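One structure is given below, encoded as structure tokens.
The values are calculated or read from the model by the stated rules, or taken from the named source; none is laboratory data. Quick caveat, the model's predicted, so the values are computed rather than measured. Heads up, the Cβs are rebuilt from the backbone with ideal geometry, glycines too, and the neighbour counts pull from every protein chain shown. To get the accessible areas, we keep the full protein, side chains included, count just its heavy atoms, and leave off ligands, DNA and RNA. Shrake-Rupley method; radii C 1.70, N 1.55, O 1.52, S 1.80 Å.
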Amino acid sequence: MEAFLNPCVRSDGERLDPSLSPAPSLLAEDGRGVLYALGADGVIRACPARLLNAAARGSIADDALPTRVFKPEPPIDFEPRTISVSPSGHFAAVGGLRHDASAGSGSIPPSSAVAIVSLRTGGDRSGFEALDDGAPGCRCVPLLDDDFDRHPSVRPLRAAWHPNSDGHLCVLLSDGTLRVFDAAVGPVAEQAFRLDPWGRGSRPGPYPLRPEIVDFAFAPPHGWGALSLVLLGREGDVYVMCPFAPWGARYPRVTLESLQPPDETSEVWLATTFPTLRRNGTGADDDDDDEDDDDD
């Protein structure tokens with residue numbers, strides 16, 4: 001257990017400053033029950049949570065824990081502070097702060113940094129037996145570098161993997177935008193939304209002191225909730241963004257066919273986003289009633 005968590009501590013013993021944003025969050029779990037630990041050097045370690053629990057109880061020895069080590073390439077070049085892992089464990093989003101090494105300590109506030117690390121290394125990903133340390137294939141792709149360079153005060157408020165598309169990362173920024181990235185494609189945002197719940201119209205500045213939307217969550221996957229985001233406003237007000245879907249997301253066919261568009265705009269959106277969808281369930285094949293791909 002200690003061998004798994006010790007790399008999360010900086011070699012100089014200095015603690016991560018909890019007053020800086022983003023707040024440290026160095027552990028994450030995927031949908032398979034695998035726990036991931038983000039090291040101070042940006043290296044990611046993974047081990048089944050049930051075995052870590054057994055080690056904490058003393059049922060198995062620490063040196064018997066099957067741990068996989070993922071070394072990003074190129075290496076993480078910023079202070080890693082957060083990690084979020086996609087449901088299948090194929091990708092990790094690492095967030096942190098980039099300090100200006102050329103300036104005196106504390107003279108220039110750090111800027112934000114976000115990167116996607118591929119955790120797909122080939123071979124059998126279902127188990128952890130006989131896996132080599134630092135297996136190849138951990139490609140690291142930085143996101144939003146130009147935005148953070150131009151506006152160092154912009155901060156990621158939330159980065160979360162979409163539950164219906166393993167490779168899509170949704171990032172909410174303090175500049176009032178929501179960006180959607182496809183980890184399999186590259187660093188360019190697939191979709192971008194200006195969140196303006198009050199309908200003010202004009203584009204806000206690049207670094208508002210008080211963003212209107214400060215957090216989001218995926219709505220329960222029932223009815224139109226499967227195609228919705230719940231947005232939290234700065235005053236505690238709640239909004240719903242609907243319809244919303246990453247390109248290529250997969251949804252149960254029965255959920256999509258049961259939707260009743262409230263207007264023509266929603267009907268057109270459904271027909272455009274899911275062109276193979278057959279409305280009212282007519283003609284749908286029994287073999288295809290479990291999932292349907294989202295078309296570009």
(request) Kindly establish whether Gly89 is at positive phi, small (Gly, Ala, Ser) and either at pLDDT 90 or above or open to solvent by less than 60 Å² (accessible area, probe 1.4 Å) (or both). (result) yes
(message) Please count how many residues of the stretch 218-241 are outside any strand (DSSP E or B) and either open to solvent by 30 Å² or more (accessible area, probe 1.4 Å) or over 20 Å from Val180 (Cα atoms) (or both).
(response) 9
(request) From Pro221, Pro243, Pro206, Pro197, grab the single residue that is closer than 24 Å to Ser153 by Cα and either at pLDDT 90 or above or touching a helix residue (DSSP H, G or I) at 6+ places or on another chain (Cβ under 8 Å) (or both). (result) Pro206
(request) Kindly provide the set of residues from the stretch 149-166 that are open to solvent by less than 50 Å² (accessible area, probe 1.4 Å) and hydroxyl-bearing (Ser, Thr, Tyr), ordered by number. (result) Ser165
(message) On the basis of being modelled with pLDDT of 75 or more, closer than 29 Å to Ser118 by Cα and not in a strand (DSSP E or B), does Pro275 make the cut?
(response) no
(request) Take the residues in the stretch 35-82 that are closer than 17 Å to Cys138 by Cβ and acidic (Asp, Glu), then tell me which one is most open to solvent (accessible area, probe 1.4 Å). (result) Glu73
(message) Of everything in the stretch 167-194, what is surrounded by fewer than 18 Cβ atoms within 10 Å (Cβ to Cβ), under 22 Å from Asp237 (Cβ atoms) and at pLDDT 90 or above? Give them in sequence order.
(response) Phe193
(request) Kindly indicate the residue of the stretch 136-148 that is surrounded by 16 or more Cβ atoms within 10 Å (Cβ to Cβ) and more than 17 Å from the chain's Cα centre (by Cα) and also nearest to Gly248 (Cα to Cα) among those meeting that condition. (result) Asp147
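Yes or no, residue by residue, for (1) free of Cβ contacts under 8 Å to residues at least 24 places away in the same chain; (2) in contact with a helix residue (DSSP H, G or I) (Cβ under 7 Å, 6 or more places away or on another chain):
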{"position": "Asp30", "(1), (2)": "no, no"}
{"position": "Ala40", "(1), (2)": "no, yes"}
{"position": "Val43", "(1), (2)": "no, yes"}
{"position": "Ala49", "(1), (2)": "yes, no"}
{"position": "Ala64", "(1), (2)": "yes, no"}
{"position": "Pro80", "(1), (2)": "no, no"}
{"position": "Ser86", "(1), (2)": "no, no"}
{"position": "Val94", "(1), (2)": "no, no"}
